[in-house]
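Beneath this line is the structure, given in structure tokens, with notes to follow.
We did not get these values from a lab; they are worked out from the coordinates using the rules stated. Here the structure is a predicted model, which is why all the values come from computation and not from measurement. Here the Cβ positions follow ideal geometry from the backbone for every residue, glycine too, while neighbour counts run over all protein chains shown.
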Amino acid sequence: MPFIQAALTTALVWRNGQADTVQKDGYDALLRGLVTWLAGKASLSVSYVGTGDGQIDNLDGGVGTPTETWTITLTSATTFTVSGSVSGAQPAGTVGVAYTTTGDPLTSLLSFTIFAGATPFIATDVFTVLATVSSLPAFDTWVLDRWDPNADLSDIDEALIWHGLGDSTEAIHCGIRLTATPASQIWNWVHRNYTGFSPSESFETQPGQSGTDVFTAFWDADMTYWFSGNSRRYIVSAKVSTTFHAFYQGLFLPFGSPAEYPFPSVVIAEKDDEEAWNSTNAGFGVFLEGRPGHGRLRGVDGVWLSVQNGFDLNSVNMWPNDSSFGSSGFMWDNHENHATGDHQLFPLMLHQHPSPTTTPLTGNVLGVLDGANIVTGFGNSSETILSIGGTDWVVFQDIFRTLRESFWAMEMA
């Protein structure tokens, strides 16, 4: 199971004669980082020697491209040539115009935009871009259906849509777009799942779309982040100041065969509408429990259900951190460790429950999340690495919460 931890949402830009520490805003850089990693794109670093003080931005490597050095040489204040040490000479480009080697960002070996600064470029100014081939196994990479690094990633017609290949015969379609209200400290990712992809449809009207947006909160500055992904799903966690934000998107592990449950799609984020990263709203939280409407799950019958702590067959609960067995409290409250002091992991189980008071032992148990388990916060803290049964897990808290039932762990591999 591929896993990555990165210290920062590091820049892939050169502005005003020096490398920036953040590409655009942090929440934008984080999305570009996820796409680079999980789509198997080459990672890039950039340097510059020259007179002009313009910038290169929206750098994006190709899928499956080799490790090589790209040389972008200004031939005038407004034009440049592009050549790869392996791929050779590419079409020339124009300052201020989005550049791709093939004309299509989905197939391009290298994409970027060069912007003019206060001091014009001159011939022989040079940007050097080192592209490092992806180490992600090909069978775990996600296929880009709609992606343009120069696009407005908040636009419903331009936002990211991609799919995982599952067992190599599946197509697990998911979408992410950006939204921001900086005055309210809101820099969010917006999520939807689909059953297919149509080039003519928007983010909101794709085939079998999950019905309503769900949101994850980040911010516009640097973040430490953790990605866990495979051909069926991906999990993202990021540290925003002293809070920890996360979501799960793709397929869960169903308690049923593919014939019984052919498309167990789920997306669980933090809120059913925009939220500031520093909010302490009771309805704002990660996938440890079914907060109102913060997730969507496709049922066995193909109907999208709300992931929330509700007592009807139109809702899906997260056990053990819910009140399925009555309203006296969560089963996970006050849970401690084994007598040896070792931490215990417990699956996060998706289930439906019609009535906790009159029929406490009835309902539908659908499956569990893959690679994300609940763990007690007793003697524990965020960013701790637990080694359990030969596997390492990294621990996170539920945004701002630090109660015993407020911690979960991501599988590392």
Exercise. What are the ³J(HN,Hα) values, in whole Hz, obtained from phi via the Karplus relation 6.51 cos²θ - 1.76 cosθ + 1.60 with θ = phi - 60°, for each residue of the range 62-67 in sequence order, with x given for Gly and Pro?
Worked result: x, 7, x, 7, x, 6
Exercise. Zone of residue 364 (label point 7 Å along Cα→Cβ, backbone N under 17 Å): which residues in the range 298-324?
Worked result: 298-319
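With Cβ to Cβ distances under 15 Å as the rule, what net charge do the other residues near residue 398 carry (K, R +1; D, E -1)? Can you show the working numbers first?
Numbers: positive: 239, 271, 291, 401, 404; negative: 270, 275, 289, 322, 333, 383, 405.
Local net charge: -2.
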Seminar exercise, completed: Subtracting the Cα-Cα distance of residue 253 and residue 312 from 0.36 nm times their residue separation yields 19.0 nm
Exercise. Among (i) 22.6, 79; (ii) 25.6, 83; (iii) 21.5, 67, which one is Rg and Dmax of the Cα atoms in Å computed from these coordinates?
Worked result: (i)
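Hey, with R₀ at 30 Å, roughly what FRET efficiency would residue 85 and residue 123 work out to, going by the Cβ-Cβ distance, to 0.05? Display every interim value, and only then the final one.
On the way: r = 21 Å, r/R0 = 0.71.
It comes to 0.90.
Compute the signed sum of charges (Lys and Arg +1, Asp and Glu -1) over the other residues within less than 9 Å, Cβ to Cβ, of residue 291. Intermediate results must be reported in sequence, preceding the final value.
Details: positive: 271; negative: 270, 272, 289.
The answer is -2.
So what is the relative contact order of the range 150-309, in percent, for Cα pairs below 8 Å that sit 6 or more residues apart?
Values: 385 pairs, mean separation 28.8, N = 160.
Over the range 150-309, the number comes to 18 percent.
Subtract the Cα-Cα distance of residue 280 and residue 336 from 0.36 nm times their separation in residues, and report this length gain in nm to one decimal. Intermediate values should be presented prior to the final figure.
Numbers: separation 56, 0.36 × 56 = 20.16 nm, distance 2.54 nm.
Going from the current span to full extension adds 17.6 nm.
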Problem set entry | Gaussian network model of the chain, springs between alpha carbon atoms under 10 Å - residue of 247, 215, 139 with greatest fluctuation | 139
Exercise. Once every DSSP H run of n ≥ 4 in the chain is given -39500 (n - 2.57) and the sum is divided by its residues, what mean residue ellipticity at 222 nm do you get, rounded to the nearest 500 deg cm²/dmol?
Worked result: -1000 deg cm²/dmol
For this session: Could you please state, rounded to a whole Å, how far the C-alpha centre of the range 229-293 is from the C-alpha centre of the range 179-224?
Result: 13
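Determine the gain in length on full extension of the stretch residue 151-residue 94; use 0.36 nm per residue of separation and subtract their C-alpha separation, reporting nm with one decimal. Don't skip to the end; give the middle numbers.
Details: separation 57, 0.36 × 57 = 20.52 nm, distance 1.74 nm.
Roughly 18.8 nm would be gained on extension.
So for each of 288-299, 194-205, 392-403 I average, over its residues, the number of other beta carbons within 10 Å; can you give me the resulting order with the highest mean first? Display every interim value, and only then the final one.
On the way: 288-299: 23.1, 194-205: 15.2, 392-403: 19.6.
Taking the mean over residues of other Cβ atoms within 10 Å, the ranking is 288-299, 392-403, 194-205.
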